[in-house]
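Report on the structure given below.
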Amino acid sequence: MNNTELTPHIEEIKRVLGDRIDDEQLEAELNKYLNDYHVDITAAKRGIIRKYGGADTGFATAANASKKIGELTGTEQSVDIVAKVVFVESRSITVRGLAKTIVSGLLGDETGTASFTIWEPGTVQLEKGSVYSFRSCYCKLWNDKPQINIGNRGRIEAASGVEIEVPNTMPSSPASDVKIGDIRDGMGSVNVTGKIVSVEARRIVSKGEEKVVYSGILADDTGKVQYSAWSDHGLKEGETIAFRNCYIRSWKGIPQLNIGDRAEVERVSADIDVETGSSLKTVADITRVGGGLDITVEGVIVDVKNGSGLIKRCPQCNRSLMNGMCTTHGAVDGVQDLRMKIVLDDGTGAIGAVLNRVDTEAVTGISMASAQGLAAARGEGVVLRELMGRILLRRIRMTGNVMSDDYGPSMIVRSASVVATDVQAEAEKLLAEVEGSI
């Protein structure tokens, strides 16, 4: 097929995948399936959609269907929806290592509500309380609830003269009780109870208007989460609070509890046990929820990345230099520092992390002064090899905040230490497991 013949098929795939694949990459994939693998066009489309995480539910061949929110199944590939904006916000995410802005929130009509995301907002400006026609949307399921997605083929038009009453209570979407440790990005209508660890108010400028955001840390016995609200609920440290009908959004992969206009805030007299320190998690746990605050991970260092060892930093912004250049301040006289960019594996998955000078010294036993002396005598490459020899395949425990992007989770390490391993005990344990399986 030539490019003209491929165009309608490309459009169909894009309606399903949205911004998960760009036009050039999609055309290359389609040509590979057709010309290299020699499959028919239907099999090619299904293969690409499965490869990039789309729902393989067939292809729309007629005009878009119009549906009420309560009729959505989460498998629609091209659907028109008329709905009122219950809540809307712009936020930044990381896609394939690049930052981009999306618009998300909650849409409602007389049959229910559903979360939505506009992946290519451009100049779109949605107003809370206004009614719009969302055309050529696609839907998917998240936590068994439909989500509305508007990709680069979607259109949004103001629905002038249309009035929609969104019921205050949606029986089809009851709020669910969740523990902080189980919070994940995209959750809507959740109830969370915890103790207020910290409170702060900060001024920001949103759409040219100065506003106050009230935020802090909430904790229970499973972990901690940052909360934020546009209204002052008079929260105080040490109080136990039940937040109802809230929703979860992530910042750099870290889930956050958002207390919107429809949320309820109630003080609870009963005291609850909270996670006062860091919480020990597996990488699989972290990957499931996307990130978190004050998390501890224990595992074996399996790789050391480029950019480790002795480096130089900009004296003004502390960014690491590349060939003596700072991305912000240009050519500068760098200040020497020591760090390790590592990959830790705990048996359930791998997580990236950067150890600062203090933690690098702690887990390798090599001080900054020793590294500088070795570099002066034998070169910086020798320093890195010596550090790698001291750190690779060692078991360490590290604590910090975990973020996630397309490349997986990574930790901003606050502290790290070597875990002593009883080799004989571990060998006996392994032997017992092997004998038990025979």
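The values are calculated or read from the model by the stated rules, or taken from the named source; none is laboratory data. All figures in this text were calculated on a predicted structure; none of them were measured in a lab. Backbone-built Cβ (ideal geometry, glycine too); neighbour counts: all protein chains shown. Please note that ligands, DNA and RNA were not included when accessible areas were found on the heavy atoms of the full protein model with its side chains. Shrake-Rupley method; radii C 1.70, N 1.55, O 1.52, S 1.80 Å.
The trypsin sites (Lys or Arg not before Pro) found in the range 201-283 that occupy coil by DSSP, while having at most 11 further C-beta atoms within 10 Å, are 207, 236. Rounded to the nearest Hz, the phi-derived 3J(HN,Hα) couplings of the range 322-334 under the Karplus curve 6.51 cos²θ - 1.76 cosθ + 1.60 (θ = phi - 60°) are 10, 6, x, 10, 9, 5, 9, 10, x, 6, 9, 7, x, where x marks glycine and proline. The modelled label-to-label distance for the pair residue 433/residue 22, using points 7 Å beyond Cα in the direction of Cβ, is 4.4 nm. Could you work out how far the C-alpha centroid of the range 237-261 sits from that of the range 377-433, in angstrom? Each part reduced to its Cα centre gives a spacing of 33 Å.
So if each residue of separation counts as 0.36 nm, and I subtract the Cα-Cα distance between residue 368 and residue 110, what length gain in nm does that give? Write out the running numbers ahead of the final one.
Values: separation 258, 0.36 × 258 = 92.88 nm, distance 6.49 nm.
Gain in length upon complete extension: 86.4 nm.
Please compute the length gained on full extension between residue 265 and residue 153, using 0.36 nm multiplied by the number of residues separating them and subtracting their Cα-Cα distance. Kindly include the intermediate steps, with their values, before the conclusion.
On the way: separation 112, 0.36 × 112 = 40.32 nm, distance 3.95 nm.
Full extension from residue 265 to residue 153 adds 36.4 nm.
Using a probe of 1.4 Å on the protein chains alone, the accessible area found for residue 119 is around 50 Å².
Per residue and in Å³, how big is the convex hull formed by the alpha-carbon atoms of the chain?
On the way: hull volume 102.7 nm³, N = 438.
Normalising the Cα hull of the chain by residue number yields 234 Å³.
From Cα pairs below 8 angstrom and at least 6 apart in sequence, can you work out the relative contact order of the range 113-164, rounded to a whole percent? Don't skip to the end; give the middle numbers.
Values: 71 pairs, mean separation 23.2, N = 52.
Relative contact order comes out at 45 percent.
Considering only 194, 292, 161, the mean-square fluctuation computed in a Gaussian network model of the chain, springs between alpha carbons under 10 angstrom, is largest for 161.
Length available on full extension from residue 141 to residue 337: 0.36 nm per residue minus the Cα-Cα distance, which gives 65.9 nm. Considering only alpha-carbon pairs that sit under 8 angstrom and 6 or more positions apart, the relative contact order computed for the chain is 10 percent. Note on residue 213 and residue 236: the model spin-label points, each 7 Å out from Cα along the C-beta direction, lie 2.6 nm apart. With Rh defined as the Kirkwood radius, the inverse of the mean 1/r over Cα pairs, the Rg/Rh of the range 248-350 is 1.13.
For the chain, with all protein chains in place and a probe radius of 1.4 Å, 49% of the accessible heavy-atom surface sits on carbon or sulfur. Rg and Dmax over the alpha-carbon atoms of the range 260-413 stand at 19.2, 66 Å.
Accessible surface for the chain, divided over its residues, is 52 Å² per residue with a 1.4 Å probe.
Karplus-derived 3J(HN,Hα) values for the range 289-306, using 6.51 cos²θ - 1.76 cosθ + 1.60 with θ = phi - 60°, are 9, x, x, x, 9, 6, 9, 10, 10, 10, x, 9, 6, 10, 7, 10, 8, 4 Hz; glycine and proline are entered as x.
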